[in-house]
Amino acid sequence: MGGAGTEGLWGLGDWGCFRFRRAIALTTGHSVPCSNTFMNLGRFELCLQVSDISLSLDFYTKLDFHLIDGSVEEGVVVIRNGDCRIGLYQGHITENLLNFRGGDIAEIGRQAETLGLKFEKPPFSASDGSMGALLRDPDGNAVYLVSHPGESGA
């Protein structure tokens with residue numbers, strides 16, 4: 001199924017791409033074109049609403065997470081362990097969310113809508129030049145996409 005060098009969707013090869021497309025079609029009723037490109041959502045960061053940021057930071061530090069941005073005084077800290085990034089927010093967010101940073105929000109929006117996904121907040125531009133969008137997965141979990149000027153999804 002396919003010649004040498006064809007990677008299909010996400011390096012799955014033609015057979016993997018076929019299986020992925022069939023699964024999407026069966027579950028959503030939408031067809032998905034197979035290509036060598038994928039939807040780059042940006043850099044992933046889990047955002048947690050916490051009641052006591054100092055206690056939470058202490059807990060995650062014991063799990064070998066290290067502070068890379070923010071401060072307890074600001075009520076926002078970003079911590080990291082390897083490739084895993086967690087944002088701890090006290091008083092800044094109303095729920096836990098999956099946060100993808102630095103992607104092309106307009107393009108992600110176009111691709112997501114082509115796949116039949118509905119946005120709670122469609123892609124929007126803010127006065128500071130950032131872009132954002134909010135989706136919910138089937139269980140109601142928030143999936144937030146945000147990109148600030150100059151921010152890379154790497």
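Can you sort Phe124, Phe38, Phe119, Phe65 by how many other beta carbons sit within 10 Å, fewest first?
Going from least to most buried by this count: Phe38, Phe124, Phe119, Phe65.
Subtracting the Cα-Cα distance from 0.36 nm times the residue separation, let me have the gained length for Leu115 to Leu98 in nm, one decimal.
4.2 nm
Assuming 0.36 nm per residue, please report the length gained on full extension of the stretch Leu48 to Val72 beyond their Cα-Cα distance.
Stretched out fully, the Leu48 to Val72 stretch lengthens by 7.2 nm.
Suppose R0 equals 25 Å. What FRET efficiency, 1/(1 + (r/R0)^6) with r the Cβ-Cβ distance, do Asn81 and Asp128 give to the nearest 0.05?
The calculated FRET efficiency here is 0.25.
Going by C-beta contacts inside 10 Å, put Lys121, Lys62 in order with the fewest on the left.
Least crowded to most crowded, the residues run Lys62, Lys121.
We did not get these values from a lab; they are worked out from the coordinates using the rules stated. Fair warning: this is a prediction, and the values are worked out from it, not measured in the lab. Neighbour counts run over all protein chains shown; Cβ positions are idealised from the backbone, glycine included.
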